[in-house]
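Below is one structure, written out as structure tokens; comments come after it.
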């Protein structure tokens, strides 16, 4: 079975600081990887995803993530955060292939608080 | 708005009650999901319906009973729940095309409290 570990439960930054949120997964096969974000009072929404190809993927709002297969990692980065990035971020994994895309295994989430 | 609507937003029920959660998607998707989000725990997949057929039951107790009458509607019937079932229940939908464009669209959830 897959599992996902997010290293930090709560990260606090000032605006313009750089961000890196860690995500490691446990699964021996080929995976698809996702970052979802939940802004305060809003629904979960997709930030970015990796299926194949270039391991550096870019998402909305200036976020990017790098898939490092040898480290089973998919860390989320942003060079300069804004107050509006305050949210909870979830890493998720699913087995690649077939119709398993909706059956995601999520990490526990990381709350990001950005101070103006 | 994501196009996935869940009602009610909040629900308080006793352990002997029977209640239902409703989810409706307006996106023309052919797969729907129930996820459970408990405090301090990762989101857990409960059920998956694809083309109105249940394709996944992730070891969920029988006191949770899903129903998918058509591709736009998904219910979660609740019966004799326990206090530890208190959680946020999220519905999601997607278009299962078996390719990289598929993504989940989530509703806002139903916050359930079992007394």
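A few points about this structure:
- Being crowded, with 17+ Cβ neighbours inside 10 Å and within 10 Å of chain B (Cβ to nearest Cβ) is a condition met by at least one residue of region A:81-90.
- For the condition without any contact (Cβ under 8 Å) to a residue 24 or more places away in the chain and at negative phi, residue A:58 qualifies.
- Scanning region A:61-86 for residues that are over 10 Å from the mean Cα position of the chain (by Cα), closer than 13 Å to residue A:19 by Cα and in contact (Cβ under 8 Å) with a residue 40 or more places away in the chain yields a total of 8.
- Residues that are part of a loop (DSSP other than H, G, I, E, B), modelled with pLDDT of 90 or more and within 25 Å of residue A:4 (Cα to Cα) within region B:23-41 comprise just one, B:38.
- Residue match in region B:89-106 (condition: touching a strand residue (DSSP E or B) at 6+ places or on another chain (Cβ under 6 Å), more than 8 Å from every other protein chain (Cβ to nearest Cβ) and modelled with pLDDT of 95 or more): yes
- Checked against (1) modelled with pLDDT of 95 or more; (2) within 14 Å of chain B (Cβ to nearest Cβ); (3) crowded, with 20+ Cβ neighbours inside 10 Å, residue A:21 passes all but condition (2).
- Enumeration of residues in region A:5-30 that are under 14 Å from the mean Cα position of the chain (by Cα) and either over 26 Å from residue B:108 (Cβ atoms) or free of Cβ contacts under 8 Å to residues at least 40 places away in the same chain (or both): A:5, A:7, A:20, A:22, A:24, A:25
- Test: residue in region B:59-70 that is within 11 Å of chain A (Cβ to nearest Cβ) and either in contact (Cβ under 8 Å) with a residue 12 or more places away in the chain or assigned to a helix (DSSP H, G or I) (or both): no
The values are calculated or read from the model by the stated rules, or taken from the named source; none is laboratory data. Worth saying up front: this structure is predicted, and the values here are computed from it rather than measured. Cβ coordinates were reconstructed from backbone atoms using ideal geometry, including for glycine residues, and neighbour counts include every protein chain displayed.
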